[in-house]
Amino acid sequence: MNKILLVDDEKNILLGYKRNLRSKFDVHIAEGGKEGLDILKEHGPFAVVVSDFKMPGMDGVEFLKLVREKYPDTVRMMLTGYADLDSAMNAINEGNIYRFLTKPCSAELFAKNLYDATGQYQLINAEKELLNNTLKGSINILIEILSVVNPGAFSRAVKFKNLSKQLLTRLGKEITWENEIGALLSQIGLVTVPSSILEKMDKNFQLTDDEKTIFNGHPEFGKTLLKKIPRLESIANGISFQLQTYNGVGGSKEYKVGENIPFMGRLLKVMNDYENLIHLGLNQNQAIEELDKNHDFYDPDIWGALVAEASGFGEGQIISSKELAELKPGMILANGVKDINNVLLLPKGGEISEISLMKLLNYNKITKIKTPIKIIEHTK
């Protein structure tokens with residue numbers, strides 16, 4: 001039996017509706033918006049919520065707007081004796097109301113509208129279940145295809161999935177299903193790249209210009225493949241930017257740079273280049289040192305998170321690069337500060353004080369200091 005919630009500040013009206021409808025629906029009642037939200041949280045999900053328009057404290061428009069935000073699948077209706085056009089339009093716009101009924105409303109008419117609303121709820125959930133099952137099935141098939149056709153690319157994608165979770169945690173960002181699926185499917189375009197090219201890359205052999213063009217086309221093919229699947233459009237777009245540099249130099253999509261590049265693309269770019277070096281036999285510190293030569297290629301926050309992760313810094317910490325003029329007292333050094341002759345001026349892990357900062361500024365006038373300087377920052 002479908003669950004419905006009736007909300008009104010007049011208890012007698014609620015009890016009357018409940019008597020008339022209890023043989024047809026699983027009826028719950030609430031005297032006001034606050035009680036209604038509590039019941040939704042404790043006893044949900046509900047197929048339909050019907051609210052009176054004019055109630056003390058929280059009116060029906062505000063209540064149904066909150067219901068829409070918290071329980072978007074629940075069908076919302078409004079029943080009121082204040083049937084002016086303005087309030088009706090406001091209710092529809094603010095709360096996305098399915099039906100607007102006026103008092104007095106006969107039991108037969110009320111029940112008919114509730115049947116229509118529960119039918120709408122069942123339709124929404126049937127479509128949602130179908131879409132979710134289709135989506136999950138499509139993703140699983142693509143992942144299985146990648147694991148069979150190119151086990152190396154599949155292994156790389158799994159590493160991306162795990163590393164992306166670690167980086168997102170450091171950045172204080174939510175680990176969403178889009179990030180997880182994006183990492184797993186980021187290499188799906190490699191199914192179109194000839195194995196001879198992948199073997200050359202695996203052995204660090206130089207590719208010809210034609211071979212580079214073929215390989216660099218795999219993110220775009222991945223996008224073409226994934227955008228046909230419902231709900232994967234934004235993931236597909238992000239994947240297509242995985243070879244694009246943050247500063248636009250040498251990238252395949254120079255019309256977007258910096259934060260105009262989708263976050264997924266920026267995240268994958270860092271992980272791609274890092275994993276390439278690890279695959280060639282470099283350890284974590286060597287890979288970071290090599291990538292640091294072109295750190296402008298990467299989103300500075302994501303790059304800082306990768307450096308912190310590879311260096312074993314605490315959770316919630318990232319590394320940022322600062323020029324001498326950007327240093328401030330209280331900053332913690334991720335690496336020691338050295339001059340161009342490799343003379344250590346301040347140790348790793350030390351806190352910059354006003355005196356030490358002045359010392360560095362004066363020292364730099366005589367013997368130049370190596371920059372950028374690595375600083376530990378906290379995201380949590």
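Read-outs: derived from the displayed coordinates by stated rules, not from any lab. Keep in mind that this is a model prediction, so the values were computed, not measured. Positions of Cβ are backbone-derived with ideal geometry, glycine not excepted, and every protein chain shown enters the neighbour counts.
Indicate the gyration tensor shape class of the stretch 150-312 (rounded, prolate or oblate), computed on the Cα atoms with a ≥ b ≥ c the square roots of the eigenvalues: a/c under 1.5 is rounded; otherwise a/b larger than b/c is prolate and the rest oblate.
Since a/c stays below 1.5, the shape of the stretch 150-312 is classed as rounded.
How much mean residue ellipticity at 222 nm does the chain get from its helices, if each DSSP H run of length 4 or more adds -39500 (n - 2.57) and you divide by all residues, to the nearest 500 deg cm²/dmol?
Values: 15 runs with 198 residues, N = 380.
My calculation for the chain gives -16500 deg cm²/dmol from helical runs alone.
By counting other Cβ atoms within 10 Å of each Cβ, how are S320, S186, S353 ranked from fewest to most? Show your work: numbers first, answer last.
On the way: S320 19, S186 30, S353 13.
Fewest to most other Cβ atoms nearby, the residues stand as S353, S320, S186.
Would you give the gap between the C-alpha center of the stretch 9-53 and the C-alpha center of the stretch 289-360, rounded to a whole Å?
Each part reduced to its Cα centre gives a spacing of 59 Å.
So what is the orientation-averaged projected area of the stretch 323-380, using the convex hull of its C-alpha atoms, in nm²? Walk me through the intermediate numbers first.
On the way: hull surface 14.9 nm².
Average of the hull's projected areas for the stretch 323-380 equals 3.7 nm².
Picking from G350, L282, G119, whose Cα lies most toward the positive end of the charge dipole for the chain (charges on Cβ: Lys, Arg +1; Asp, Glu -1)?
The listed residue farthest towards the positive side: L282.
Got a sec? Charge dipole of the chain, +1 on Cβ for Lys and Arg, -1 for Asp and Glu; which of P262, L64, M331 is way out at the positive end?
M331
Compute the separation of the alpha-carbon centres of the stretch 134-151 and the stretch 165-217 and state it in Å as a whole number.
What the calculation gives is 15 Å, centre to centre.
Rounded to the nearest 20 Debye, what is the dipole magnitude of the stretch 3-127 about its Cα centre when Lys and Arg each give +1 and Asp and Glu each give -1 at the C-beta? Walk me through the intermediate numbers first.
On the way: 16 positive and 19 negative charges, 81 e Å.
With only Lys, Arg, Asp and Glu charged at Cβ, the dipole is about 380 debye.
Binning every alpha carbon pair distance of the chain at 10 Å from zero, what are the percents per bin?
With 10 Å bins starting at 0, P(r) equals 5, 18, 19, 15, 16, 14, 9, 4, 1, 0.
With springs only between Cα atoms under 10 Å, which of R170, R231, R68 fluctuates most in a Gaussian network model of the chain?
R68
Taking the Cα centre as origin and putting +1 on Lys and Arg beta-carbons and -1 on Asp and Glu beta-carbons, what dipole magnitude results for the chain, to the nearest 20 debye? It would help to have the intermediate numbers written out before the result.
Details: 46 positive and 49 negative charges, 73 e Å.
With only Lys, Arg, Asp and Glu charged at Cβ, the dipole is about 360 debye.
By its C-alpha gyration tensor, with a ≥ b ≥ c as the square roots of the eigenvalues, how is the stretch 3-127 shaped: rounded for a/c under 1.5, else prolate for a/b larger than b/c, else oblate? Spell out each step's value before the answer.
Values: a/c = 1.18, a/b = 1.06, b/c = 1.11.
Here the stretch 3-127 falls in the rounded category.
Write out the GluC sites (Glu not before Pro) in the stretch 275-380 meeting two conditions: DSSP loop, and at most 15 other Cβ atoms within 10 Å of their Cβ. Display every interim value, and only then the final one.
Details: sites: E275, E289, E290, E309, E315, E323, E326, E351, E354, E377; in loops: E315, E323.
Here the GluC sites (Glu not before Pro) that fit, given the DSSP loop and packing criteria, are E315, E323.
Please compute the length gained on full extension between L345 and K359, using 0.36 nm multiplied by the number of residues separating them and subtracting their Cα-Cα distance. The partial results should precede the final answer.
Working: separation 14, 0.36 × 14 = 5.04 nm, distance 0.93 nm.
The span from L345 to K359 would gain 4.1 nm if fully extended.
Test of understanding: in a Gaussian network model of the chain with alpha carbons linked when under 10 Å, which of L142, L226, L344 would top the mean-square fluctuation ranking?
L344
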